[in-house]
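Heads up, the thing below is written out as structure tokens.
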Amino acid sequence: MSLIDLSGNFLFIAFIAYLVGTLLFGGAIKNTKPDGAAKRADNWGKLAIIVTVVGFLAHLAYFITRWIYTGHAPVSNMFEFTTAFGMFIIGAFILIYYMYRISALGLIALPVAILIIGYAAMFPSEADPLVPSLQSYWLTIHVITAAMGQSILAISAVAGLLYLLKAVDPKSKTKSRFWMEAVLYFCFLVVGFILATVIFKGMGYEANFSYVNAQGKELEITYNMPAVFGMNDYTLLTDGKMEPLVEMPPVINAKKLTTVFWSFVIGSVVYLLVRLISRKRILEMLHPLVQKVNLNLLDEVGYRSVLIGFPVFTLGALVFAMIWAQEAWGRYWGWDPKEVWALITWLFYAAYLHLRLSKGWEGKKSAWLALIGFAIILFNLIVVNLVIAGLHSYA
Amino acid sequence: MEKLICVCGHENPAGTKLCGKCGRPLTEEAKESKIVDMKYDGAAIRSKTRNKSIVDKVWNFFSSVKVGIALIIINLVAASIGTIFPQEFYISVSTEAEKAAYYEDTYGSIGKLYYELGLSDVYNAWWFQILVGMLAISIIVASIDRGIPLHRSLKNQRVKRHESFMKRQRVVAEGPVANGDPAQTLNMIEEKMKSLKYKVRRDGNALLAERGRFSRYGPYINHCGLIIFLAAVMLRLVPGFYVDESMWVREGEVRAVPGMEGYFIENEAFILELHDNEKTENQELQGVNAVAKNFQTNAKLYKQAEDAVPGQTDNLELVKEYSIRVNHPLQYEGYSFYQMDFRMNELSVMNFQLTNKETGEALGPVSIDLTNPQDEYIINEQAKVELLGYYPDFSGFENGEPQTLTPTPNNPAFIFKMTTPEHPDGEVSFVAIQQTIEPNGDNEYKMAFQGVETRNMSGLTVHKDSSIPLLAVGGAIFMIGVAIGSYWNHRRLWVEQLEDGTIRLAAHTNKNWFGMKKDLDAVSEYAKLPKYLDQSEEIEEKEGDSAL
């Protein structure tokens, strides 16, 4: 077995371990009866964290073997970075777990990591050669530190989500209930994206188009999903494939829009099916599971994660980034979209920390802020890399 | 100024919330609250005490944390707007008209609006810079406003605090010692807290254990760092502090370095290397055929002799030889040369033969250096070619005159005057690529095109930024401050043994109550203290939120 295959197998083991870990954490928080259930739950919890640590070690083994194979830290394309991000989230969870011993955090952190790894797997996993600007040890230092910072900050969102799952009453019609359901619906959309990619890939769907870009150049593009949106001035080149329903102007990448469309459709179908079968909001299904958690403690975990993550993020995403930018391009700051969004993330968490000084910005509000912070991190990962053009664009 | 005199006799400045000596609540608000506000330890902050003159009002505005947060959010939103479309400095057009056209052509009417509102260069907009400036002022004012009173109150802490202070802390306990000798309790607490790395002070029957006080200074340290950082950024505006020039150097050329007087750089060779991998899936998706592996300029940096005339290239002294690559700039005395761009196979020399059209007889070769053409090329005593006109980037005729678009030899065109034995007065011919015009009718001779020589050109940027050391200092101070404020926390435990031997205690921490409670558990267990109560959880339960 070659090193890269071995590496892939490690990642698969990690993925399975996280799935099993999630179920075990589910068992750990489910004790309603007093007859020794607490003890049993404790055992489930111990097993769950062991499985999680094993998964993390396998994930680390993936990371190291891939590093040896490619010769550089495996954080240079969308697949590699996102996979590593998932790994660091698990790492940050394990760190916080051993500080606070809250099993219920695992019930959120592991599925989040699973979704992130699943998302990563939808991108080409081949190792890409490095362009000259990436050939620097700062790639390793900057990207890994920034990802670690983001992961620790993500744990505050995990704690925040858990907090809100308990604190938001699924029975009363409130804005919080609506937005919580929206957050959970978003998770279904990620599942939708994964399913759409897997299904159409499984079908071997491929349709070639020629189109004209904004500069008036004629180019070709391959769709891997039925083209709902067509590129500017498109012509279908493959026989027997679906003609696009709508043509988009050149400024919009219709192929990516098509992917977004199918993710929405499939994610929504899954969501509606679950709703129809259970006859409950997703929030209502999860709410009873987390009754055991201590809100005060969760609030502190959220705050603490930001406190721990903020300096790491500053160091990785701003300080090291500036040092590298100075070395590679001769300017430490260039208002590149990724730089700006790192600054925005930083400013946002700075606002979070200052808001904690004012009364009333603890508990629920703080939990919501943590979720918004994570949304900014995801925006920086997904939209800035894939949609906004800049020095950090991946595809 | 008005003073607040506490029951204990201590004089507090107006605006104090908790007496600096005994901790008694002084304001109505503090008296009514169940848990006192321990921000700044109840010290009077300037912005809360004065509000008369215009200076006070401005001061109060900028010292407000709410205003500070609002400024953070406004800056955040303004910065995000700049990422909607690429900023002007990332698009490769130069004139205003071209920029306007670019945004409209590429992004339609929204792009046009974006450009017209100045959002395409938002980070250089005056209003954006004012916003950043206001944030900086807010950081300075708020830090002074709060930092100094906090420092005073932390420095002058008394061991013994009044009951009303103790009872209004978040974590409190009161009661008899469970078992053992009550006379030993304070000693045991002291012993245990010292083993937990607390500093312990005693005053009669009272005890104060304190740990990590320095962490309270973290925010003020990091704010100092930020201000130094921002000041360093401003230094760029000082002439001579900042040099940012770009230059093109062709292979074999020696050029004066812009912004670095008396220095010349030579491009010995430009090297482009590509990865020889199989095309990956990502490359397919992005339509990239080959991925670059290395951009390199083999450069020599020269210094002019001391007494040389500016621009003179004789007697150059070699000071550094270096292969400039991406991530590996040439560095010399504060200046750095970065590999930024390149142009492959630029035309450098064009070779012609002065040829008789009919007989095909060649009189001799003429080789024209396109960046440095001569006025006259002498072939022999009777034959020469004069260069009457040279248009390096020929773009057509205007009023019969040939035009050049740029000074770069992309599409060279010439007007030759060919003097031959048959035509001592010369024949004139206009020669461009695949185009010859003979204004005086049929010439007997022509400049027959033989071939071209090409060379590569390297785009370098020259940088000097004397503010970097100060930036580094600011950044380092910021990181140290942030780490101190985040990774350490201030924990305090006040204990008083009442006359009947019972214990009253109160604990406070600025963050990490979990850690504080762990310490409390340890000391309670060891010294058999009464069970403590977290009053914030009590409140929460009363509000109907079941914290199981």
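The values are calculated or read from the model by the stated rules, or taken from the named source; none is laboratory data. All values reported here derive from a predicted model rather than from experimental measurement. Every residue, glycine among them, receives a Cβ derived from its backbone with ideal geometry; neighbour counts consider all protein chains shown. We work out accessible area using only protein heavy atoms, side chains counted, and drop any ligands, DNA or RNA first. Shrake-Rupley method; radii C 1.70, N 1.55, O 1.52, S 1.80 Å.
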Check: When segment B:84-105 is examined, which residues are found to be assigned to a helix (DSSP H, G or I), touching a residue at least 12 places away in the same chain (Cβ under 8 Å) and either more than 12 Å from chain A (Cβ to nearest Cβ) or out of contact with any Gly (no Cβ under 9 Å at 6 or more places or on another chain) (or both)?
Finding: B:E88, B:K99, B:A100
Checklist line | Members of segment A:287-296 that are part of a helix (DSSP H, G or I) and within 7 Å of chain B (Cβ to nearest Cβ) | finding: A:L295, A:N296
Check: Is there any pair with a first residue in segment A:218-233 that is under 10 Å from A:K255 (Cα atoms) and a second that is acidic (D, E) whose Cβ atoms are under 7 Å apart and which are 6 or more apart or on different chains, and what are they?
Finding: A:T222/A:E206; A:N224/A:E206; A:G230/A:E247
Notebook entry, point to check: So, in segment B:189-221, of the ones that are open to solvent by less than 20 Å² (accessible area, probe 1.4 Å) and either without any contact (Cβ under 8 Å) to a residue 40 or more places away in the chain or assigned to a helix (DSSP H, G or I) (or both), which residue ends up farthest from B:H151 (Cα to Cα)?
Noted result: B:I189
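One line per residue, one yes/no per condition, for (1) modelled with pLDDT of 90 or more; (2) within 24 Å of A:C187 (Cα to Cα):
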position: A:N232; (1), (2): no, no
position: A:L237; (1), (2): no, no
position: A:K241; (1), (2): no, no
position: A:P249; (1), (2): no, no
position: A:I252; (1), (2): no, no
position: A:K256; (1), (2): no, yes
position: A:F261; (1), (2): yes, yes
position: A:G267; (1), (2): yes, yes
position: A:Y271; (1), (2): yes, yes
Check: Quick one: in segment A:347-386, which of the residues that are within 10 Å of chain B (Cβ to nearest Cβ) and among the β-branched types (V, I, T) is least open to solvent (accessible area, probe 1.4 Å)?
Finding: A:V384
Check: Can you find even one residue in segment B:494-514 that is surrounded by fewer than 21 Cβ atoms within 10 Å (Cβ to Cβ), in contact (Cβ under 8 Å) with a residue 24 or more places away in the chain, within 14 Å of another protein chain (Cβ to nearest Cβ) and part of a helix (DSSP H, G or I)?
Finding: no
Item checked: Per-region count, segment B:106-139, residues among the aromatic types (F, W, Y), over 24 Å from A:P249 (Cβ atoms) and within 13 Å of chain A (Cβ to nearest Cβ) -> 2
Note to self: For segment A:60-77, which positions are aliphatic (A, V, I, L, M), in contact (Cβ under 8 Å) with a residue 12 or more places away in the chain and open to solvent by 10 Å² or more (accessible area, probe 1.4 Å)?
What the structure shows: A:L60, A:A61, A:I68
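Every residue, every condition in (1) in contact (Cβ under 8 Å) with a residue 40 or more places away in the chain; (2) more than 10 Å from chain A (Cβ to nearest Cβ), yes or no:
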| site | (1), (2) |
| --- | --- |
| B:V238 | no, yes |
| B:D244 | yes, no |
| B:W248 | yes, yes |
| B:E251 | yes, yes |
| B:R255 | no, yes |
| B:Y263 | yes, yes |
| B:E268 | no, yes |
| B:I271 | no, yes |
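One line per residue, one yes/no per condition, for (1) open to solvent by 30 Å² or more (accessible area, probe 1.4 Å); (2) assigned to a helix (DSSP H, G or I); (3) away from every other protein chain (no Cβ under 13 Å):
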| site | (1), (2), (3) |
| --- | --- |
| A:Y211 | yes, no, no |
| A:K241 | yes, no, yes |
| A:K256 | yes, yes, no |
| A:L273 | yes, yes, yes |
| A:K280 | yes, no, yes |
| A:M285 | yes, yes, yes |
| A:V301 | no, yes, no |
Notebook entry, point to check: Going through segment B:414-423 one residue at a time, which ones are of a type outside the set (S, T, N, Q) and touching a residue at least 24 places away in the same chain (Cβ under 8 Å)?
Noted result: B:F414, B:I415, B:F416, B:K417, B:M418, B:P421
Note to self: Among the residues of segment B:434-461, what is the count of those that are in contact (Cβ under 8 Å) with a residue 40 or more places away in the chain and either closer than 30 Å to B:F295 by Cβ or among the β-branched types (V, I, T) (or both)?
What the structure shows: 11
Next item on the list: Quick one: which residue in B:R24, B:R46 is within 43 Å of the chain's Cα centre (by Cα), more than 10 Å from chain A (Cβ to nearest Cβ) and of a type in the set (K, R)?
Entry: B:R46
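Scan segment A:122-134 for residues that are part of a loop (DSSP other than H, G, I, E, B), touching a residue at least 60 places away in the same chain (Cβ under 8 Å) and at the interface with chain B (Cβ under 9 Å from one of its Cβ atoms) and jot them down. Give the derivation first.
Just the residues of segment A:122-134 that are part of a loop (DSSP other than H, G, I, E, B), to begin with: A:122-131.
Now drop any that are not touching a residue at least 60 places away in the same chain (Cβ under 8 Å), which leaves A:122-123, A:125, A:127.
Scanning segment A:122-134 gives A:F123, A:S125, A:A127.
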Check: If we scan segment B:296-316, do we find a residue that is β-branched (V, I, T), more than 9 Å from chain A (Cβ to nearest Cβ), under 34 Å from the mean Cα position of the chain (by Cα) and open to solvent by less than 80 Å² (accessible area, probe 1.4 Å)?
Finding: yes
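With the structure loaded, tell me whether B:I484 is modelled with pLDDT of 90 or more, touching a helix residue (DSSP H, G or I) at 6+ places or on another chain (Cβ under 9 Å), among the hydrophobic types (A, V, I, L, M, F, W, C) and open to solvent by 50 Å² or more (accessible area, probe 1.4 Å) or whether it fails that test.
When the stated conditions are applied, B:I484 does not pass them.
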